[in-house]
1. Collect the residues in the stretch B:149-187 that are assigned to a loop (DSSP other than H, G, I, E, B) and under 11 Å from the mean Cα position of the chain (by Cα), keeping them in residue-number order.
2. Do we have any residue at all in the stretch A:110-117 that's of a type in the set (G, A, S) and more than 17 Å from A:V31 (Cα to Cα)?
3. Within the stretch A:41-63, work out how many residues are buried (at least 17 other Cβ atoms within 10 Å of the Cβ) and hydroxyl-bearing (S, T, Y).
4. If we keep just the residues of the stretch A:192-235 that are of a type in the set (G, A, S) and under 22 Å from A:L93 (Cα atoms), which is nearest to the other protein chains (Cβ to nearest Cβ)?
5. Can B:A112 be described as in contact with a Ser or Thr (Cβ under 6 Å, 6 or more places away or on another chain), aliphatic (A, V, I, L, M) and more than 19 Å from A:I18 (Cβ to Cβ)?
6. Output the number of the condition that B:E113 fails; it satisfies all remaining conditions of (1) in a loop (DSSP other than H, G, I, E, B); (2) farther than 30 Å from B:G17 by Cβ.
7. Does at least one position in the stretch B:135-155 carry a residue that is buried (at least 19 other Cβ atoms within 10 Å of the Cβ), within 21 Å of B:C52 (Cα to Cα), more than 11 Å from chain A (Cβ to nearest Cβ) and of a type in the set (V, I, T)?
Amino acid sequence: MSERRHAFASVRATARLIAVKDLRIERRGRVLTNQVLPFALIVMVMFAFALDSDAVLERVAPGLVWLATLFSTLFVIARSFAVEGSDGALDQLRTSGAPSAGIFLGKALALMVQLLVLVVVLVVAAVVLYRADLSWQGGVLLVTTAVAATGGLAAVGTLYGGLSAGAKGRETLLPLLVLPVVAPVLIGATRATESAFGTNGIAVGEGWPWLGLLAVFAVLFGVTGAIAFGSLLDE
Amino acid sequence: MAPDSPVVLNDAVVVIGAFPVLAGANLTVRSGEIVLLRGPNGAGKTTLLRLCAGLIELKRGRGRVLGHDLSTDRWSVRHRVGLLGHANGLYPDLTVRENVAFWGRTVGATDAEIAAALRRMALDARLADVQISRLSAGQRRRTALAALVARRAELWLLDEPHAGLDAAGRDELDEVLRQAARAGATIMVASHELERAGTLATRQVEVVAGQVRDSGATS
């Protein structure tokens, strides 16, 4: 029992160590604020130019928010593993003896924090650019949706980022691996956000069942990643 | 395994793809030795180091590193060795102190141990808070070695450690490695710089076509 407790503490300590390190690197490098956020905002503006109708934009705003989030997520994942590969830190992580579940959870947590910042900015952009409405009940649903959806995206992103980290052509491989898998997040988060925005008269209450899908997805990939990440790093 | 032999390989075979990179390597490294691995490119030096780090599967033969069987328990080897390849394994956006602390804390090193590792590599207060991206190649190498010290590595596996360093940096590195060996670390160095590494090593072995030949003691 005490050994199990020690292992759990070791996973938790490693996760914290990795998450703090990744967020510190992001704060110094400012890739999220100087590159990813501007890219996501440009995507939102381009959607507005392409659709060119307030009524249509208001109707599709939730889907556009999550599509822009998915595209931007790919950059954040790539960056998260680029910092490990740029000077051979990945080999050091392999030989560090740190529990792979802790490495996975730490990297996923740091990704999730960055994706939450991204979603907040994109929701504000949707309210400003697409005139989406948001009540306080809708706000509660949206915050919960954002946490569950970014948790799932971060888990998938860390899992497949680790898988493709040492692969040839990883820049193109990553979107091919990640985008089909996160389709349930796109669907669930979009439906829940439609309810939060009251798009097409959908009530806020209708959005909560979609959170079940997002939560199951996040837990499924979180557990799978924590178990499988060690083998992926070894490949 | 004798307790004073951190590395014992008997007929070790490592296959990468379909190619046997190590084809029956035999090697015993004693505690506190600095062993120079020499040989042409593609001879298997890097593979030998990665095998000893527990990163590569042993296909046939037997191997024990720091008492752990490489066939059944290579994962236990990893946190006891320090592998430094062509790259330094550092995060350029973090400072010297943050890098050394990060790697030290992966094995539970205390603040005192991290400070001692920085002191041992002469990374004083002025350098400790500088970002890695602003350091010279020699200073980065010293930081990487400080990280090995903070990680309490008992077996240092260094692949071309002199690469990219100027003459002063190379002298400095040699002195650091001699000090580490005196302090109890066992060191294996793969290098093409035979003259320099030869004066550093206590023993040389030649790796040719996946085989290891002992060239004897140098000092």
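1. Correct list: B:A153, B:E154, B:E160, B:P161, B:A185.
2. No.
3. Qualifying residue count for the region: 0.
4. Here the residue is A:G230.
5. No, not satisfied.
6. Evaluating B:E113 over (1) in a loop (DSSP other than H, G, I, E, B); (2) farther than 30 Å from B:G17 by Cβ leaves (1) as the failure.
7. Yes, some residue in the stretch B:135-155 is buried (at least 19 other Cβ atoms within 10 Å of the Cβ), within 21 Å of B:C52 (Cα to Cα), more than 11 Å from chain A (Cβ to nearest Cβ) and of a type in the set (V, I, T).
Conditions (1) closer than 30 Å to B:S76 by Cβ; (2) among the charged types (D, E, K, R); (3) touching a Ser or Thr at 6+ places or on another chain (Cβ under 7 Å), marked per residue:
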residue: B:A147; (1), (2), (3): yes, no, no
residue: B:E160; (1), (2), (3): yes, yes, yes
residue: B:T199; (1), (2), (3): no, no, no
residue: B:Q204; (1), (2), (3): yes, no, yes
residue: B:G210; (1), (2), (3): yes, no, no
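The values are calculated or read from the model by the stated rules, or taken from the named source; none is laboratory data. Just so it is clear, the model here is predicted, and its values are computed rather than measured. Cβ sites come from the backbone with ideal geometry, for glycine too, and all protein chains shown count toward neighbours.
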